[in-house]
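Q: Submitted below is the structure of interest, expressed as structure tokens.
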Amino acid sequence: MAVRQRPAYTVHQVLPNAPANAIALTFDDGPDPTWTPQVLALLRQYGVRATFCIVGRQARAHPDLVRRIVAEGHAICNHSMTHPLPFSHRSAAAIDGEIGGAQAAITAAAGTAPTLFRAPGGDWSPPVFSAEASRGLKPIAWDIDPRDWSRPGTQKIVASLLAAKPGDILLCHDGDGEHPAGVDRSETVQALQTVLPQLKSRGLTFVTL
Ligand SMILES: [Zn+2]
């Protein structure tokens, strides 16, 4: 079994045959009953498909939202069961339990199994790569990080996302790994209202990973 020791940072590392102008939008830590529907409505409005990195605990709490994500044509990614941080230095058994638990919870909710894994906090280690490889999951990271989870202000999120170039993977959050009940993601939603039409007008093609 080949074990990757590095996640994919760009679209073409995941999808070598994607168009040259492809970019990928990703949403982590949901689904959340307040913010995920608002994100889905914007994606639908602008005809954009994205990849949702789902926390297993959230999938179990909101299976209807997981089904809706899939039904609307978006991709799903395993983002651990409970989003423990730091992630990489836990025992191999604990890491595998987090990945396996989420795989079961997300698959049960979605009706289809994720093929991708994103480590909580982007915190990778050899045991993390081994655990995901043993489950047939491809590791994905990002290269554009607006740190929207920290609520830096809508304009900062907009500026960061608008710096995207062809091939970039963009990171946003529709939930919060530390707070299962959710935190305010209105800055992220407002930023997307500006960013989605502008990136589309540049001729970028949004792809799912
Ligand atoms: Zn996360």
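Q: What are the residues in region 98-140 that are outside any loop (DSSP other than H, G, I, E, B) and aromatic (Phe, Trp, Tyr), if any?
A: Of everything in region 98-140, those that are outside any loop (DSSP other than H, G, I, E, B) and aromatic (Phe, Trp, Tyr) turn out to be PHE117, PHE129.
Q: Would you confirm whether any residue within region 140-154 is small (Gly, Ala, Ser), buried (at least 20 other Cβ atoms within 10 Å of the Cβ) and touching a residue at least 24 places away in the same chain (Cβ under 8 Å)?
A: no
Q: Looking only at region 49-67, count how many residues are closer than 19 Å to ASP176 by Cα and either free of Cβ contacts under 8 Å to residues at least 60 places away in the same chain or β-branched (Val, Ile, Thr) (or both).
A: 11
Q: Among what's in region 164-207 and is hydrophobic (A, V, I, L, M, F, W, C) and assigned to a loop (DSSP other than H, G, I, E, B), pick the residue that is nearest to the ligand (Cβ to nearest atom).
A: Here is the first cut: in region 164-207, the residues hydrophobic (A, V, I, L, M, F, W, C) are 164, 169-172, 181, 183, 189, 191-192, 195-196, 199, 204, 206-207.
Next, only the ones that are assigned to a loop (DSSP other than H, G, I, E, B) stay: 164, 181, 183, 204, 207.
Working: ALA164: 20, ALA181: 15, VAL183: 12, LEU204: 24, VAL207: 21 Å.
Per the stated criteria, the residue is VAL183.
None of the figures in this text is laboratory data; all of them are computed from the coordinates on show. Fair warning: this is a prediction, and the values are worked out from it, not measured in the lab. When we count neighbours, we look across all protein chains shown, and the Cβ atoms used for this are built from the backbone with ideal geometry, even at glycine.
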